[in-house]
Structures are given as C-alpha cells and as structure tokens.
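Beneath this line is the structure, given in structure tokens, with notes to follow.
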Amino acid sequence: MFIIFSLQTADFRGQTGPRLPDNFDVQTASALDFFYLLFRPAMFADMARHTNNYARWKATQDQPDDKWVETNENEMKAFIGINVIMGINALPELDMYWSSNPLDGNSAIQNIMTCNRFQKLSQYFQVSDRATEPPRGSQNYDRLYKVKPVIQHVSETFLMSYDLSQQAAVDEAMIKFTGKLSFRQYMPAKPIKRGIKIWMLCDSNSAYLSKFEVYLGRNTYNGENGLGYNVVTKLTDHLRLTHRHIFFDNFFTSVPLMKQLLDNGLYACGTVRTNCVGFPAELKKPNNVKNRGEFKVLQKGDTPLTASVWKDKKHVHHLSTLSQPDETPLATRRAGADVLQLRQPHSVSAYNRFMGGVDLHDQLRMKYDVGRNSKKWWKYLFWFLLNCSIVNSFIMFKMVSRRINKRKRINHLDFRLELVRDLIGGYSKRKRSGIVLDYPGLVDVQNIHGHVNGRLPGPKRRCQYHMKQLNARRETVYGCTVCNVHLCKEGCHHRYHNQ
C-alpha cells in the first residue's frame, strides 16, 4: 500500500572528477597527453604488430601481396590521425581526399601518405591476434574477439581515470551497421534503426562515459527480473555504497530494480510504464489528475520508494527513491503566447535535469564521427571506442587543463585538431617531396626526428635560434611543440635541432 511519509537520504560519499597520475602536469599537458590517459601509446604498437601478423597470415592463405610493406607504431598513429581528420572533413568518396582539385582534395592527408598506402593499411588493419582466435563453435569462442583487446583496455582506463559525480545516467546507444551480424539490433523508433547496441553509464553533468557493455542478445543475460534490471545492476556494481543518484528510462525501471539499487547503497529515478508490476493502480489513470500541472505522489510505506503521475501535455509516470514526496519545484511551460508556471513532483524535475548524460556524450561523439564505411562489423565498434576515448579526453581536458592558450576557450573541434597534429607529428611516407601546408603545425617539411613545428600557446616570444646563434631579436608565435621552444618557421626550426 502506498501512503506518504517523509524520507531521509544518505549523503553522497564518492569522489568526483578526473583521476590523474601524480606526474601529470595540467599546466602544460596537450590534447595527446589527455588522450594517452585513456588510449595508451602501447596500443598503437600492438595494432601495428597485429596488422603485420594478419598481412603475413593472409599471404599464406592467398597469393602474397607485393604491394604490402610492414607498418610500425608511428605510421599507425598517422593512420588513426587521418581517420580522425576524415571525421572532421567528411567527403563522400575516399579517393577525393587525394584529389588534385583544390575544391575537394586535402593537402594535409596527401602529404602524410598516398591513397594506395592508406587503402592497404585499411585492408590489413587488425587490433587482435588473428592466429589465436578461437574457432566458431569452440568452448572459448568469443563473438567480440576481434576487438576484445581494445574493449578491455578502454574499459579499464575509462573507469580508473574518472570518478563520476553524484548523478549518473544509464541508457543505450546505437552504432550504425546494416551488414550481416548475429547480434545486430533493429529499433524502428530510433534515429539509427539497425546496428550494434551499447549499454552506457555516463556522468549526468559532464557526459563522461564511465562504463559500457556491448549487447549480444537476451540469451546472454540470466535472471528472473528482466534485461533492464540486469543491465543497470551490472553497470553500477562498482558504485555500491556511494549513495549516487542513477537515472534511467522506462525500459529499465521496475520496482525490484529500485529496491536492489537501494540495497546497494544507490538512489534511483526513472520513468515507468504503467503496466509495471507493483506500480499503484490508482496512478495509472487518475481521475483527479486531468489538468496540466496537476499531479499525485504516493510513497510505499516508510521506504524511500515513491510513485508519481504528473499531467503535462500527457500523463508522465515516475518511480524514485531520491525524491521527497512533498517537494514540488516549478516548471516553466508555454501554452501559445502564455508562459505557465506549474508545480511538478521532484522526480520529474530531477529526471529531466540529469537523464541526458548519455545523449550528450552521443552528440559529442557523432559530431565528428571517425572511420570509413566497411564490411567488417568489428571496425565500427573499434571506431566507436576510439571516438569515445577522444570525447572522454576532451571532457577531462575542459575540466582540469590549466594550460595557457592563445584562444580563451578550446572547443571540441580545436581539441581534435590539436590531437591530430600531435598524433601525426612529422610523419610522412611519400616518396616525393612533401607538400608545404598552409595549416600550421599539422605536418611540416621541417619536422625531423620527432620534433614538430607548430603554433605555440601564448603570446609571441623571441626566436631562440636568432637570440643565441645570430645575436638578433626576432619574435614569433611558432616553435617546437615537443621542446616548447619558440623558433621561426623560416629555417630556424631545422637549424636549431641540427646545430
């Protein structure tokens, strides 16, 4: 029976925000430094090794490929960087990036590697050891094996690099894929109707992705309380006894889930379907909640579990364990030219405020999607994980970076461009001489031995080569981004590093 009592909620006990290594300097850290916290440099060496091994294995299965040359860690970074550029500068056909037409060609990509080389890397690209893959039907067979090392890696780094705030959201995301795949999902009501479904736990305030799980089908979840119950309890098991607030939609919400989370030391709030077992019948179609702004809240005994119905344009139903039954914040609504100030249950207000963490992360991720179309499903999942790593590193950068920049505010695009520049560095695998770029710092013919010439943050400063070697005063905003030394672009960068 549902009756109204006052309730007490325990204080939040967790830490919040990025968890950085002791030697991490937020005063000077670059976009690449933040990215390496989540996608460590060793991953590029592993990808190069797996790609080379796969190319050798394919040579034993088919005719040897005379055009294949083994790759290395630096080239793999450049390959990933090019894919990130393609997400920023999207063109419909791959070969358009290498076009001589200035209207569609990309001189930066052309200077890094040829189109043929990029296609060869794409052809043999692997992130797992093909030789040790368990055969289909064997006891150790894993449907995610082809991308498992990356899943395990970023799952660990995402968790250990950031502590969620008090509010977190659980929701689903879709990776578009229309090919043949045993665990491909069809969701006609979603913008992406066919693809790979991912369960995600994100910070409601920053949109940081903390934990995720690839959905392989209902038969992978056991239990009597349903799929939604199992997903939420699994994604939040590391948050036990922290008294965080977890938000989710009506796909997940049930009375057993709310009780289980409460037993785990977590409070929760979610929209609920009226046919949910245990939801009070008098709130399903209430006779006394007919006009906009009217509501009714009931509480189950002396527990924190409350059920509510609120009339907006239509009835909205919630279950919550974090809301005071008598707390009714204001909601602003428009009715034609009129502005209405309506009272609403606390659960409605809290849900609307904190449920959007996963959606915000998806917006950031899909703004500059990474990776080209492929017939291989696992590549879509890999690019998803790489893109999530970029978004998470950008979120951390915004929160803790104290670096002095020429621009007051570094936005998402600026962060990606800086990350691409640092990933590529001075790498170029073209047989002919490089193309001089107008974009400073992305790839420059002066870049040698790992030193990168580019625009440095802050105001102009004296060129160190002019000052020390020529005893002359000349100021510049350019310099070596590795040594953090100001140097003119007109030959000083090369002469300084070859004295």
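The values are calculated or read from the model by the stated rules, or taken from the named source; none is laboratory data. Keep in mind that what you see is a predicted model, and the values were worked out from it rather than measured. Here Cβ is always computed from backbone atoms with ideal geometry, including for glycine, and neighbour counts include all displayed protein chains. Accessible surface areas use protein heavy atoms only, side chains included; no ligands, DNA or RNA. Shrake-Rupley method; radii C 1.70, N 1.55, O 1.52, S 1.80 Å.
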Measuring from label point to label point, each 7 Å out along Cα→Cβ, what is the L262 to D25 span in nm?
5.2 nm
To the nearest 500 deg cm²/dmol, what mean residue ellipticity at 222 nm is calculated for the chain from DSSP H runs of n ≥ 4 alone, each contributing -39,500 (n - 2.57), summed and divided by the residues?
-9500 deg cm²/dmol
With only Lys, Arg, Asp and Glu charged, each at its Cβ (+1 for the first two, -1 for the last two), find how big the charge dipole of region 60-107 is about the Cα centre; round to the nearest 20 debye.
240 debye
Round to the nearest 10 and report in Å² the accessible area of V485, as given by a 1.4 Å probe over the protein chains' heavy atoms.
30 Å²
Contour excess over end-to-end distance, with Cα ends at D369 and R143 and 0.36 nm allotted per residue
78.9 nm
Could you state the accessible area per residue of the chain in Å², with a 1.4 Å probe and every protein chain left in place?
49 Å²
For K489, give me every one of the lysines with a C-alpha distance below 17 angstrom, ignoring sequence neighbours fewer than eight places off in its own chain.
K460, K468
By accessible area with a 1.4 Å probe, ligands and nucleic acids excluded, highest first: order of M366, M43:
M366, M43
For a quick protection proxy, order the peptides 325-332, 51-58 by their average other-Cβ count within 10 Å, most packed first.
51-58, 325-332
Could I have the simple spin-label model distance between N222 and Q15, label points 7 Å from Cα toward Cβ, reported in nm to one decimal?
3.6 nm
When N is the residue count of region 82-126, what does its C-alpha Rg come to as a fraction of 2.2 N^0.38 Å?
1.10
Using per-residue counts of other Cβ atoms within 10 Å, averaged over each peptide, order 470-481, 306-317, 15-26 from highest down.
306-317, 470-481, 15-26
For the chain, what % of the accessible area comes from carbon and sulfur atoms, probe 1.4 Å?
47 percent
If each residue of separation counts as 0.36 nm, what is the full-extension length gain between T178 and R292 once their alpha-carbon separation is subtracted?
36.8 nm
Tell me, what is the FRET efficiency for N484 and I88 to the nearest 0.05, using R0 = 30 angstrom and their Cβ-Cβ distance as r?
0.70
Nearest 20 debye, what's the magnitude of the dipole of region 184-256 about its Cα centre given +1 on Lys and Arg Cβ and -1 on Asp and Glu Cβ?
320 debye
Nearest 10 degrees, 0 to 90: helix 42-61 Cα axis against the chain principal axis
80 degrees
From the alpha carbon gyration tensor of region 100-170, can you work out the equivalent ellipsoid semi-axes (sqrt of 5 times each eigenvalue) and give them in Å, largest to smallest?
34, 26, 10
Between T132 and S100, what FRET efficiency follows from the Cβ-Cβ distance if R0 is 51 Å, with the result rounded to 0.05?
0.70
Suppose the Debye formula is applied to equal point scatterers at every Cα of the chain; what is log10 I(q)/I(0) at q = 0.06, 0.08 Å⁻¹?
-0.37, -0.62
Measuring from the longest principal axis of the C-alpha atoms of the chain, the long axis of helix 412-424 (C-alpha) lies at a number of degrees, nearest 10, equal to 40 degrees
Inter-site label distance for I404 and T274 at 7 Å from Cα along Cβ, in nm:
6.3 nm
What chymotrypsin sites (Phe, Trp or Tyr not before Pro) in region 103-174 are in a loop by DSSP, with at most 15 other Cβ atoms within 10 Å of the Cβ?
Y141
Between A59 and K376, Cβ-based FRET efficiency (R0 22 Å, step 0.05) works out to 0.70
Filter the cross-link list K211/K376; K180/K367; K193/K398 down to pairs whose alpha-carbon distance in this structure exceeds 30 Å.
K193/K398
Could you please put E224, E70 in sequence from largest to smallest accessible area, using a 1.4 Å probe?
E224, E70
Under a 1.4 angstrom probe, counting protein chains only, how are E172, E75, E282 ranked by accessible area, largest first?
E282, E172, E75
